[in-house]
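Have a look at the structure below, then the notes.
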Amino acid sequence: MSHDLLSVGDLGADGIDEVLQLTDSFVEVSERAIPKVPALRGKTVAWLFYEDSTRTRLSFETAARRLSADVMNFSVASSSVKKGESLRDTVQTIEAMGVDAIVVRHRSAGAPWQVAKWADASVVNAGDGWHEHPTQALLDCYTIRQHLGSCEGRHVAIVGDVKHSRVARSDVLAFTAMGAEVTIVGPPTLLPPSLEGWPVAVSHDLDSVLPKVDIVYLLRMQRERMASGLIPSLREYTARYGLTRRRVDRLGEDALVMHPGPMNRGVEIAADVADLPRSVIVDQVRNGVAVRMAVLYLLLGAGSDKVLTGVEGAS
Ligand code: NCD
């Protein structure tokens, strides 16, 4: 892996495979009685979250702690950002204290690329606007591999609010790089205005797609990002695109149901469907920790540019 993880597209199939293989070892570590290894002792990982998050933030923090890194928590809500401090000054302040990696989530697409230009530390994109969410795509690939052997030759339907979804963009890049076929499904108003260059098929009819897929991947209705009027009503959305109990019966026997969380039960996914054995949503969260351990290890651990530079500097 290079110095930063900004887009999952930068990894390519080989890079994704490297992360997934290393993740196997960290799943094993996570299952131990004391799930901790000294791999990143002496390293410091800082969080720069300008948007709300439950699982991504806790998952990165757990990953860093399990690798014995020190963590620097930064909460925008209680920081000098509230006094008008710019992103650049905030990054310089954090760097001046000595950090090895900065994990960034920001409402603006491209913000992590800016941070990477300013910072010497490795930068990990934990979600930028509607753009990308590379570690979510990696944990999704890992979860598919765990349940179905690999992504190769699998057919994934990504359903719902694709337009506002950074998860969808990263998943399309990662799934297709790993040899899967992707169909995006949703009402035209919730799909990106231009799909030119996207290696996907498009459908507006969920019922006809379900019998053909190995994985149905539901997206949250991201109402905080939506202009009004994109759908007539949530009830109508659910009637056409919600994964109801009745629709699950159209799926093949081994087909999986996935969702990045947070779920709106009763909107994009029926409450009882989320708890079916074929729903691997909790596995996605569990795998997220081990995948992020692998990412932090590849960026900061043995063999990374950073470590080699540090060794040279010390001699
Ligand atoms: C997603 C996000 O924030 O991009 N959640 C996550 O990280 N698991 C998806 C969402 O907010 O709907």
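The values are calculated or read from the model by the stated rules, or taken from the named source; none is laboratory data. All figures in this text were calculated on a predicted structure; none of them were measured in a lab. All Cβ positions, glycine included, derive from the backbone under ideal geometry; neighbour counts span all protein chains shown. When the accessible area is computed, the model is the full protein with side chains, heavy atoms only, and any ligands, DNA or RNA have been set aside. Shrake-Rupley method; radii C 1.70, N 1.55, O 1.52, S 1.80 Å.
Quick rundown of the values:
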read-out: CD proxy at 222 nm, helix term only [per DSSP H run n ≥ 4: -39500 (n - 2.57); per residue of the chain; nearest 500]; value: -12000 deg cm²/dmol
read-out: Relative contact order (percent, whole number), segment 134-281, Cα cutoff 8 Å, 6+ residue spacing; value: 24
read-out: Stretch gain in nm, segment A77-V202, where the contour uses 0.36 nm per residue and the Cα spacing is subtracted; value: 41.1 nm
read-out: Tilt relative to the chain, helix 134-148 - C-alpha long axis, 0 to 90 degrees, to 10; value: 60
read-out: Cut-off 20 Å (backbone N to label point 7 Å along Cα→Cβ of R240), residues of segment 145-159; value: 157-159
read-out: Surface accessible to a 1.4 Å probe, per residue, for the residues of the chain, Å²; value: 43
read-out: Segment 134-281: radius of gyration and largest Cα-Cα distance (Dmax), Å; value: 14.0, 41
read-out: For segment 92-108, Karplus couplings with θ = phi - 60° (6.51, -1.76, 1.60), whole Hz, Gly/Pro x; value: 5, 5, 5, 4, 4, 7, x, 10, 9, 9, 10, 9, 10, 10, 9, 6, 9
read-out: Estimated FRET transfer efficiency when R0 is 51 angstrom, pair E152-R88 (beta carbons, to 0.05); value: 0.75
read-out: Stretch gain in nm, segment R55-K212, where the contour uses 0.36 nm per residue and the Cα spacing is subtracted; value: 53.5 nm
read-out: Average Cα contact separation per residue, the chain, under 8 Å, 6 or more apart, as relative contact order %; value: 21
read-out: Calculated FRET value between E18 and D70, using beta carbons and R₀ = 22 Å, to 0.05; value: 0.30
read-out: Sparsely packed GluC sites (Glu not before Pro) within segment 1-92, loop by DSSP, other Cβ within 10 Å at most 10; value: E31
read-out: Burial ranking of peptide ranges 265-275, 195-205 (average Cβ count within 10 Å, highest at the top); value: 265-275, 195-205
read-out: Accessible surface of the chain [probe 1.4 Å, protein heavy atoms]: carbon and sulfur percent; value: 50
read-out: Mean separation of Cα contacts under 8 Å, 6 or more apart, over the residue count of segment 1-155: relative contact order %; value: 27
read-out: GNM flexibility winner over the chain from A121, A255, A77 (Cα, springs under 10 Å); value: A77
read-out: Förster-model FRET efficiency, 22 Å R0, V282 and M226, C-beta, rounded to 0.05; value: 0.20
read-out: Under-5 Å amide H pairs with H155, H placed in peptide plane, nonlocal only; value: E181, D214, I215
read-out: Contour minus Cα-Cα distance for S194 and S108 (0.36 nm per residue); value: 29.0 nm
